[in-house]
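Structure first, then comments.
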Amino acid sequence: MFENLQDRLGSILNGLTGRGALSEADVSAALREVRRALLEADVALDVVRSFTDRVREKAVGAEILKSIKPGQMVVKIVHDELIEMLGGEGVGIDLHAPAPVVVMMVGLQGSGKTTTSAKIAHRLSTREKKKVLMASLDTRRPAAQEQLRQLGAQANIDTLPIISGQSPTDIAARAVQAAKLGGHDVVILDTAGRTHIDEPLMVEMADIKKRSNPHEILLVADSLTGQDAVNLARNFDERVGITGLVLTRMDGDGRGGAALSMRAVTGKPIKLIGVGEKMSELEEFHPRRIADRILGMGDIVSLVERAAENIDAEKAAAMAAKMAKGKFDLDDLADQLRQMEKMGGMGGIMGMMPGMAGMKDKMAAAGLDDKLFGRQIAIIQSMTKAERTNPDLLKHSRKKRIAAGSGTDAAAINKLLKMHRQMADMMKMMGGKGKGGMMKQMMGGLAGKMGLGGGMGGMGGGMPDLSNIDPRQLEALQKQAEAAGLGKPGGGMPGLGGLPGGLSGLGGAKLPGLGGGFPGLPGLPKKK
């Protein structure tokens, strides 16, 4: 969502950091460009004005302009003010109230209330082990109550039985009573929406609030609606009194102005963001991490958290054991490609790595997009088990059959086989005996840099069991990365580009594929 803004601010701030000294005129010229970039991203005018005024006030002081690296100081000020504009610290759903805690979902029709209600219920039940009851109060939209019931069945969440003819306020009272009797920790009320704000809607919301006494009133807003979402939040807050915001479709190609304006305009925290259609694709909103992404500083903590959710510990341990023996067949390659797809594909991973945001455009220009993974997996699935285990069997006639089965051609199959050979050779190197194996040393070095301890036990010297990492360790990890200079635009994550003791890959020592990129993934031209 923030790609255009990221590109604009990145080029403006890089222009400042590239200079040895800054004058007040330089800062003013840069801030004019920042102001224009924010307005083009659909950020509210009064928010932009106060943001640039605060940055100017802090950035034109003599101690800043005469400091050793004035450009970097200005970048830090912009970063800090961006975090402040987004809300400072992240705020989650508040469940500190007598059970059952009532969470009331409000918003316009089509903003994603029903799906978001199910996502929140799924999140609370899986992550916080809460017993959740969902109830649909939408008696107007056809099959709205049935939709919530089906979503509940998919996510294994209790839903209130549907009784036709009941009013929304009666359903709300029944839901709270049922939650008390059923021993539920949380009850989520999915209210009705309209295509626009009107008086009957607001009266209904006020009545439901009176009958159910919700602890949280979350406004669900579509982030693609821009400034209209800000006006919506203001109106709902004035009439009903919201406690927080949930922004949906943050994975879309909108300009991001709503997310940047809402906290500043309403004073209400953005608590959650929807980043996809799946039940698990709901994330907490962390202002610092969003600011880091916008300024191209990456988001290591979110990347590690995403890996913890998606990486299968048993498969990772089995892979580490195979790598230690230098074995790596085409089934293993397919597993690796699927893991990358689950973590958001190349684009999603690159966007979270410090200093790597610019790589996405180069990769796209070279034809290396996330569709490539799908094609490569299709090729592997078109092979027999024997061919996947022993690629040397693949002669011309077999390749012809595989190409027909996967909808590709012989050239694509040859590229895949070349990539596999290069990765297999690398695995043999990593499985070497010297000093415990190259892989173990490399992962140990990475662990040390990330503050996870050098042992990395439990996976044969492979990656750690990320699911057991304390969240505070993750936050400390980001701060360590910044202290080591890895959070600066153009920096790099340990092991992803020339830093000592790291995973030589993305721009570091030239591993096969990508011309010094991800091991074995073909596509980008090699450096000459």
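The values are calculated or read from the model by the stated rules, or taken from the named source; none is laboratory data. Here the structure is a predicted model, which means the values were calculated and not measured. So basically every Cβ, Gly included, is an ideal-geometry build from the backbone, and we count neighbours across all protein chains shown. In case anyone asks, the SASA skips ligands and DNA or RNA and just uses the protein heavy atoms, side chains included. Shrake-Rupley method; radii C 1.70, N 1.55, O 1.52, S 1.80 Å.
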**OP:** Pick out, from Pro168, Met105, Ala135, the residue whose Cα sits farthest towards the positive end of the charge dipole of the stretch 101-168, with +1 on the Cβ of Lys and Arg and -1 on the Cβ of Asp and Glu.
**Re:** Met105
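Could you work out how much longer the chain between Gln166 and Ala318 gets when fully extended? Use 0.36 nm per residue separation minus the Cα distance between them, nm to one decimal. Please report the intermediate quantities before stating the final value.
Numbers: separation 152, 0.36 × 152 = 54.72 nm, distance 5.48 nm.
Additional length available on full extension: 49.2 nm.
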Subject >> Accessible carbon and sulfur surface of the stretch 184-283 relative to its total accessible area, %, 1.4 Å >> reply: 44 percent
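Round to the nearest 0.05 the FRET efficiency obtained for Ala25 and His96 when R0 = 60 Å and r is the Cβ-Cβ distance.
With R0 = 60 Å, the Cβ-Cβ based efficiency is 0.75.
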Subject >> Using a Förster distance of 30 Å, the FRET efficiency for Lys180-Thr126 (Cβ separation, nearest 0.05) >> reply: 0.80
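What is the ratio of the Cα radius of gyration of the stretch 102-189 to 2.2 N^0.38 Å, with N the residue count, to two decimals?
On the way: Rg = 11.9 Å, N = 88, 2.2 N^0.38 = 12.1 Å.
My calculation over the Cα atoms of the stretch 102-189 gives 0.99.
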Original post:
Considering only the other residues whose Cβ falls under 15 Å of the Cβ of Lys400, what net charge follows from Lys and Arg at +1 and Asp and Glu at -1?
Top reply: +2
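Please find the FRET efficiency linking Lys428 to Ser11, where r is the Cβ-Cβ separation and R0 is fixed at 41 Å, and quote it to the nearest 0.05.
Working: r = 43 Å, r/R0 = 1.04.
Result of the calculation: an efficiency of 0.45.
Taking the Cα centre of the stretch 209-284 as origin and charging only Cβ (+1 Lys, Arg; -1 Asp, Glu), how large is the dipole, in debye to the nearest 20? Intermediate values should be presented prior to the final figure.
Numbers: 11 positive and 11 negative charges, 96 e Å.
So the dipole magnitude of the stretch 209-284 works out to roughly 460 debye.
At a 1.4 Å probe, what is the % contribution of carbon and sulfur to the accessible area of the stretch 80-161? Show your work: numbers first, answer last.
Details: 1690 of 3620 Å².
Roughly 47 percent of what the probe reaches on the stretch 80-161 is carbon or sulfur.
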Subject >> Under the Debye formula (equal points on every Cα, no solvent term), log10 I(q)/I(0) of the stretch 88-238 at q = 0.14, 0.18, 0.21 Å⁻¹ >> reply: -0.64, -1.08, -1.46
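Net charge near Asp409, counting Lys/Arg +1 and Asp/Glu -1 over other residues with Cβ under 11 Å of its Cβ?
On the way: positive: Arg375, Lys399, Lys400, Lys415; negative: none.
It works out to a net charge of +4.
Lys and Arg at +1, Asp and Glu at -1: add these up for the other residues within a Cβ distance under 11 Å of Ile242 and post the number.
Working: positive: Lys209, Arg234, Arg239, Lys268, Lys271; negative: Glu216, Asp237, Glu238.
That sum, taken over residues with Cβ under 11 Å, equals +2.
Placing +1 at every Lys and Arg Cβ and -1 at every Asp and Glu Cβ, with all other atoms neutral, what dipole size does the stretch 129-218 have around its Cα centre, in debye to the nearest 20?
Numbers: 12 positive and 11 negative charges, 61 e Å.
Charge dipole, the stretch 129-218, about its Cα centre: 300 debye, nearest 20.
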**OP:** Take the Cα atoms of the stretch 1-93, find their three principal axes, and give me the spread along each one in whole Å, biggest first.
**Re:** 43, 25, 21
Original post:
How long is the gain from Lys395 to Glu277 if the chain were fully straight, where each residue apart is worth 0.36 nm and the alpha carbon distance is subtracted?
Top reply: 38.3 nm
